[in-house]
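In what follows, a single structure is set out as structure tokens and then discussed.
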4 protein chains.
Amino acid sequence: MIKKTDPSLVTLEPEFIAAIVDIFENKVVFNRTLGLKALATSATEVTATIHMRPELVGHYAYNRVHGGVISASLDTIGGHAVMAAMGARHIDEPIAKRLERFNKLGTIDLRIDYLRPAIGEIFTMRAQVLRLGSRVASTRMEFLAADGTLLSTGAAAYIVS
Amino acid sequence: MIKKTDPSLVTLEPEFIAAIVDIFENKVVFNRTLGLKALATSATEVTATIHMRPELVGHYAYNRVHGGVISASLDTIGGHAVMAAMGARHIDEPIAKRLERFNKLGTIDLRIDYLRPAIGEIFTMRAQVLRLGSRVASTRMEFLAADGTLLSTGAAAYIVS
Amino acid sequence: MIKKTDPSLVTLEPEFIAAIVDIFENKVVFNRTLGLKALATSATEVTATIHMRPELVGHYAYNRVHGGVISASLDTIGGHAVMAAMGARHIDEPIAKRLERFNKLGTIDLRIDYLRPAIGEIFTMRAQVLRLGSRVASTRMEFLAADGTLLSTGAAAYIVS
Amino acid sequence: MIKKTDPSLVTLEPEFIAAIVDIFENKVVFNRTLGLKALATSATEVTATIHMRPELVGHYAYNRVHGGVISASLDTIGGHAVMAAMGARHIDEPIAKRLERFNKLGTIDLRIDYLRPAIGEIFTMRAQVLRLGSRVASTRMEFLAADGTLLSTGAAAYIVS
């Protein structure tokens with residue numbers, strides 16, 4: 001039987017966090033195109049930020065962030081949360097082995113609800129893993145204005161191994 | 001009572017199509033970041049294409065397109081299909097007035113199913129409006145490999161006016 | 001301009017609550033088939049309960065609640081939350097007029113995530129309105145075991161007027 | 001390596017079809033509560049029907065089918081399509097072994113788009129498996145009026161084994 005560790009009881013090693021933040025910010029190239037920066041990464045919640053830039057505009061009349069920036073950001077931060085949770089679940093494995101799990105991580109599907117127009121200079125986002133199974137992980141994500149107003153929500157399922 | 005025209009019986013004017021393609025390809029700046037190009041735009045179906053570029057990579061190990069590129073592309077092509085269908089529905093209005101409707105178009109929500117990894121040089125996408133109401137439009141979208149393999153599907157709802 | 005009242009500052013009248021609970025429990029006949037009972041109804045959150053019965057079984061091998069019972073319950077409790085929020089938003093209107101709004105309420109779309117099998121004697125559910133616009137309302141819903149374990153989550157959009 | 005058979009080249013045995021139709025119509029008790037009847041079951045598409053009954057009413061003012069009936073029906077017919085496709089994929093296995101796969105089938109998540117009010121005496125539904133993987137299956141479903149009008153669409157992901 002696979003030994004399962006409760007993620008909320010685990011403190012992830014700084015090396016592991018640094019490695020998955022590097023994947024999130026740099027190795028996933030499109031995240032660099034978006035300009036995503038990790039804020040805090042733990043086994044139970046991850047947060048990140050994105051700065052408005054002209055390339056991200058959706059509606060030219062309002063200088064609004066493109067909905068696709070939001071869907072892309074929430075998809076990818078959900079995956080980041082899954083990586084963090086898997087890092088905790090398999091804390092007994094060497095870091096390198098846990099990082100290999102990223103190669104088998106894939107989004108099954110995604111839902112985004114656009115609640116309010118995303119207009120501003122900077123936005124934050126956060127993701128929580130609602131369930132981490134042996135084959136599927138489910139996450140809930142939020143995209144927020146600088147003042148904390150909820151702009152969009154997301155839900156996604158990921159294949160894990 | 002608003003006069004409703006069956007979109008399938010309407011041929012959109014080349015000027016109207018050119019104008020909404022310009023919005024799709026240029027004015028929605030993030031679509032330019034993605035590199036979306038319209039292929040065919042009619043009142044009942046729209047198609048577009050995207051070329052693989054390094055900035056769009058999701059998984060560095062496989063040179064796979066980022067899921068967020070797909071969600072962004074399908075969100076925006078769904079909106080383009082809604083603009084085309086509204087252009088047909090309100091064919092009696094001047095073009096400028098119909099184009100103003102874009103200012104009130106917004107995605108309510110979006111679902112993307114990622115079926116197969118998007119690896120390749122060029123991809124196509126298409127969108128159909130399943131229902132165009134007076135307040136809400138619903139669309140179905142597909143993201144396809146060069147050989148026609150279905151890679152991702154999408155469904156979205158848009159607020160219209 | 002329509003006067004908007006912040007729902008969190010409004011105490012709904014017992015008569016209004018009784019009327020929308022009667023719609024929820026009785027007039028929406030399928031809710032009676034499901035056996036839904038309202039627990040608490042306020043302008044900002046609604047809760048309800050459902051008892052396991054043989055007719056609701058999905059998987060005979062496990063005596064598990066059918067996923068469709070969950071999707072139906074979360075769809076309908078989301079609508080109930082929207083009715084409560086609209087009752088608060090339009091608190092200056094007579095109750096009868098606010099109840100008429102139910103006739104124009106419709107679900108646009110729904111997403112359900114099934115996290116864990118629903119096995120037990122009694123379940124609770126809750127719904128919150130994330131945004132109540134003049135044309136669209138968005139909600140978030142949860143389906144919980146008796147011990148509070150999160151079994152399923154939902155998100156929905158509703159057309160309102 | 002698991003031998004994979006192209007479902008479109010497989011004719012399912014009448015005994016296998018009868019067994020999964022029995023699960024669909026009878027053993028999944030809530031389907032009996034709904035009154036679902038299978039119409040045609042093949043490896044590539046399944047269809048079913050449902051008759052309007054007072055217990056299924058959602059909106060009493062319009063005698064409209066409850067949205068939850070539609071979400072439940074589309075969830076379950078999607079699962080039925082997955083069972084049929086798995087029956088074809090594993091055609092070399094004995095029927096009893098293939099039927100055991102039903103015990104591990106579960107819906108991961110579901111999206112329903114409600115396009116038009118479901119008012120009528122009888123409705124049909126159909127489901128197709130868009131992708132059958134070794135761990136996850138994705139389906140697309142439709143809920144139709146007697147005259148073929150598209151009333152609702154659905155998409156779902158299922159865990160398989």
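The values are calculated or read from the model by the stated rules, or taken from the named source; none is laboratory data. What you are looking at is a predicted structure, and each value in this text was computed from that prediction instead of being measured. Please note: Cβ atoms are built from the backbone with ideal geometry, for glycine as well, and neighbour counts cover all protein chains shown.
Cβ-Cβ distances below 8 Å connect the following pairs, each with a first residue in segment D:1-14 that is over 19 Å from D:Arg135 (Cβ atoms) and acidic (Asp, Glu), a second residue that is at pLDDT 75 or above and not in a loop (DSSP other than H, G, I, E, B), and a separation of six or more residues or different chains: D:Glu13/D:Ile95. For segment B:101-124, filtering for residues that are within 20 Å of B:Ile23 (Cα to Cα), touching a helix residue (DSSP H, G or I) at 6+ places or on another chain (Cβ under 7 Å) and of a type outside the set (S, T, N, Q) leaves 3. Note on segment B:45-75: residues that are of a type outside the set (A, V, I, L, M) and either free of Cβ contacts under 8 Å to residues at least 24 places away in the same chain or over 12 Å from B:Phe143 (Cα atoms) (or both) total 13. Considering only residues that are under 14 Å from the mean Cα position of the chain (by Cα) and of a type outside the set (A, V, I, L, M, F, W, C), look in segment D:112-151 and name the one that is surrounded by the fewest Cβ atoms within 10 Å (Cβ to Cβ). It comes out as D:Gln128. The single condition from (1) within 12 Å of chain C (Cβ to nearest Cβ); (2) closer than 25 Å to B:Lys104 by Cβ that A:Ile119 fails is (1).
Yes or no: C:Lys37 without any contact (Cβ under 8 Å) to a residue 40 or more places away in the chain and either under 18 Å from C:Arg126 (Cα atoms) or touching a Lys or Arg at 6+ places or on another chain (Cβ under 9 Å) (or both)? Answer is yes for this residue. Of all positions in segment D:93-102, none carries a residue that is touching a Lys or Arg at 6+ places or on another chain (Cβ under 8 Å), farther than 29 Å from C:Leu36 by Cβ and not aliphatic (A, V, I, L, M).
The rows are residues; the columns are (1) of a type outside the set (A, V, I, L, M, F, W, C); (2) at pLDDT below 95.
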position: A:Met1; (1), (2): no, yes
position: A:Val10; (1), (2): no, yes
position: A:Thr44; (1), (2): yes, yes
position: A:Tyr62; (1), (2): yes, yes
position: A:Ser73; (1), (2): yes, no
position: A:Ile95; (1), (2): no, no
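Which condition from (1) modelled with pLDDT under 95; (2) in a helix (DSSP H, G or I) is the one that B:Asp22 breaks? Against the list (1) modelled with pLDDT under 95; (2) in a helix (DSSP H, G or I), B:Asp22 comes up short only on (1). How many residues, within segment C:122-139, are within 13 Å of chain A (Cβ to nearest Cβ) and either under 21 Å from D:Val65 (Cα atoms) or touching a residue at least 40 places away in the same chain (Cβ under 8 Å) (or both)? The number of residues fulfilling the criteria is 5. The set of residues in segment A:48-105 being closer than 19 Å to A:Asn26 by Cβ and charged (D, E, K, R) consists of A:Arg53, A:Glu55, A:Asp75, A:Arg98, A:Glu100, A:Arg101. Screening C:His59 with (1) in contact with a Lys or Arg (Cβ under 7 Å, 6 or more places away or on another chain); (2) more than 22 Å from C:Met86 (Cβ to Cβ) gives one miss only, at (1).
Residue count for segment C:61-72 satisfying the condition of being within 7 Å of chain D (Cβ to nearest Cβ) and in contact with a strand residue (DSSP E or B) (Cβ under 6 Å, 6 or more places away or on another chain): 3. The residues in segment A:62-119 that are in contact with a Phe, Trp or Tyr (Cβ under 7 Å, 6 or more places away or on another chain), of a type in the set (S, T, N, Q) and under 13 Å from A:Val160 (Cα atoms) can be counted, and the count is 1.
If you take the residues of segment B:30-40 that are buried (at least 18 other Cβ atoms within 10 Å of the Cβ) and touching a strand residue (DSSP E or B) at 6+ places or on another chain (Cβ under 8 Å), which of them is farthest from the other protein chains (Cβ to nearest Cβ)? It comes out as B:Ala38.
Looking across segment A:45-60, the residues that are buried (at least 18 other Cβ atoms within 10 Å of the Cβ) and part of a strand (DSSP E or B) come down to A:Val46, A:Thr47, A:Ala48, A:Ile50, A:Val57, A:Gly58, A:His59. For segment C:138-155, the set of residues classified as among the small types (Gly, Ala, Ser), out of contact with any Lys or Arg (no Cβ under 7 Å at 6 or more places or on another chain) and in a strand (DSSP E or B) consists of C:Ala145, C:Ser152, listed by residue number. Residues considered: B:Ile23, B:Ile91. Of these, the only one that is touching a residue at least 24 places away in the same chain (Cβ under 8 Å) and more than 9 Å from chain A (Cβ to nearest Cβ) is B:Ile91. In this entry, A:Glu15 is excluded by the filter for residues that are outside any loop (DSSP other than H, G, I, E, B), at pLDDT 95 or above and crowded, with 16+ Cβ neighbours inside 10 Å.
Please find, within segment D:94-111, the residue that is surrounded by the most Cβ atoms within 10 Å (Cβ to Cβ) out of those that are within 13 Å of another protein chain (Cβ to nearest Cβ) and more than 16 Å from D:Ala137 (Cα to Cα). It comes out as D:Leu99.
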